[in-house]
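Here is the structure we will look at, set down as structure tokens.
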Amino acid sequence: EKYAEGYESRKQVVNGEVDVTATDANGNVVENPAATIAPAVLGGDGPAPTGVPNFWLQAIARCEPLAELVEQDDLQALSFCTDVRVIDDKDYTGFKIEFDFKTNPYFTNTILTKTYKVPNMFEPGEPVLDSVEGTEIAWKPKQNLCFDEKKKKQRAKKSGKERVVVTKTKKESFFHFFIAPDMDAFKTQMESGELEEEEMEELMAAFDQDYECANIIRHSLVPKAVLWYTGEMDEGEEEGEFEEGEYEDESDEEESDEDEEEDGDYKPRRGGKGRGGKKGMAKSPGGPLPTAGGDGTQQECKQS
């Protein structure tokens, strides 16, 4: 809540809800900024775009490890994102991530959420993840970015009746983030000993990546969105890439893994870059990223 007013002001500027004063590189006020933009950039003779087009798309696409999750097909859908915020529980036992979207051709949801319950979130020691809840995305016909859907007719041998079966094939997409891992099933399988060691490691790696992405959104993307958008945040990280304390000893991590297997509560790992993730859309440090169509205008935005 400390920064709520600033985040609300940023949202209004990004979405063109308030008038802002444009300045040039020397700090002089520009009376008619649209006149300095080439008509081709504005999309013909139409009016200049309001707000900051593709703000959240570009911030997300530069923010590691989130950028690893973004695929080419996600760009257009993410261009409709109007705000990203994090809301801590009043008793500080968890938090909710909310992505706002304007009307778009992909899904009917106006808000996509992900909720994490972490009872000891502000207590000393490793956080214990109790539960995760996602959002069921209401995809419009033939617009599902997470799964390819194919319809196939089947005929019964005896009766000759036909039925239509829909098969789904998973596709890589940023929007899988909103599908919550099944914590209850994971805990049950751990307690019953049903999981093989390799299966357990794969599931724990998936939980690690999911929780790490949530923390990146909470601690980096939302509070430093302007710096990610401009590329300044990425440049700062590269300069301090090998600072002391950035990495932990492998022996310590091995001991941590053993403790997690013995303990019934799942304790997500912290920090570092994305774990074992594949590369999605390549980021472009400091420069303009591929736009998602529409006006897609790159504008300067400063954070005080």
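For the reader, a short list of remarks on this structure follows.
- Subset tally (residues that are open to solvent by 30 Å² or more (accessible area, probe 1.4 Å), out of contact with any Leu (no Cβ under 9 Å at 6 or more places or on another chain) and touching a residue at least 60 places away in the same chain (Cβ under 8 Å)) for the stretch 210-223: 2
- Against the list (1) farther than 16 Å from Val222 by Cβ; (2) modelled with pLDDT under 70; (3) of a type outside the set (Ser, Thr, Tyr); (4) not in a helix (DSSP H, G or I), the condition Val41 fails is (4).
- Residue match in the stretch 89-103 (condition: hydroxyl-bearing (Ser, Thr, Tyr), open to solvent by 40 Å² or more (accessible area, probe 1.4 Å) and at pLDDT 95 or above): yes
- Among the residues of the stretch 188-200, those that are without any contact (Cβ under 8 Å) to a residue 24 or more places away in the chain and within 28 Å of the chain's Cα centre (by Cα) comprise Glu198, Glu199.
- The set of residues in the stretch 159-179 that are of a type in the set (Val, Ile, Thr) and more than 16 Å from the chain's Cα centre (by Cα) comprises Val164, Val165, Val166, Thr167, Thr169.
- Beta carbons closer than 6 Å, at least 6 apart along the sequence or on distinct chains, pair a first residue in the stretch 160-176 that is within 30 Å of Thr113 (Cα to Cα) with a second that is assigned to a helix (DSSP H, G or I) and among the charged types (D, E, K, R) for Ser173/Asp74; Phe174/Asp74.
- Figure legend. Inter-residue proximity from the stretch 92-111: first residues on the phi > 0 side of the Ramachandran plot, second residues of a type outside the set (A, V, I, L, M), beta-carbon distance below 8 Å, spacing 6+ or different chains. Indicated pairs: Tyr92/Phe122; Gly94/Asp88; Gly94/Thr115; Gly94/Tyr116; Gly94/Lys117; Gly94/Pro119; Gly94/Asp130.
- Here Asp74 fulfils each of the conditions (1) at negative phi; (2) without any contact (Cβ under 8 Å) to a residue 40 or more places away in the chain apart from (2).
- From the options Leu145, Leu129, residue that is in a loop (DSSP other than H, G, I, E, B), out of contact with any Ser or Thr (no Cβ under 9 Å at 6 or more places or on another chain) and surrounded by 16 or more Cβ atoms within 10 Å (Cβ to Cβ): Leu129
- Condition check for Pro105: over 15 Å from the mean Cα position of the chain (by Cα) and either more than 23 Å from Ala138 (Cβ to Cβ) or part of a strand (DSSP E or B) (or both): no
- Restricting attention to the stretch 64-86, the residues that are part of a helix (DSSP H, G or I), among the hydrophobic types (A, V, I, L, M, F, W, C) and touching a helix residue (DSSP H, G or I) at 6+ places or on another chain (Cβ under 6 Å) total 4.
- Considering (1) part of a loop (DSSP other than H, G, I, E, B); (2) surrounded by 10 or more Cβ atoms within 10 Å (Cβ to Cβ), the lone condition that Lys158 does not fulfil carries the number (2).
The values are calculated or read from the model by the stated rules, or taken from the named source; none is laboratory data. Everything quoted here is computed from the prediction, not taken from an experiment. Don't worry about glycine lacking a Cβ; one is built from the backbone with ideal geometry, like all the others, and counts go over all protein chains shown. Heads up: the accessible areas ignore ligands, DNA and RNA and are worked out on the full protein's heavy atoms, side chains in. Shrake-Rupley method; radii C 1.70, N 1.55, O 1.52, S 1.80 Å.
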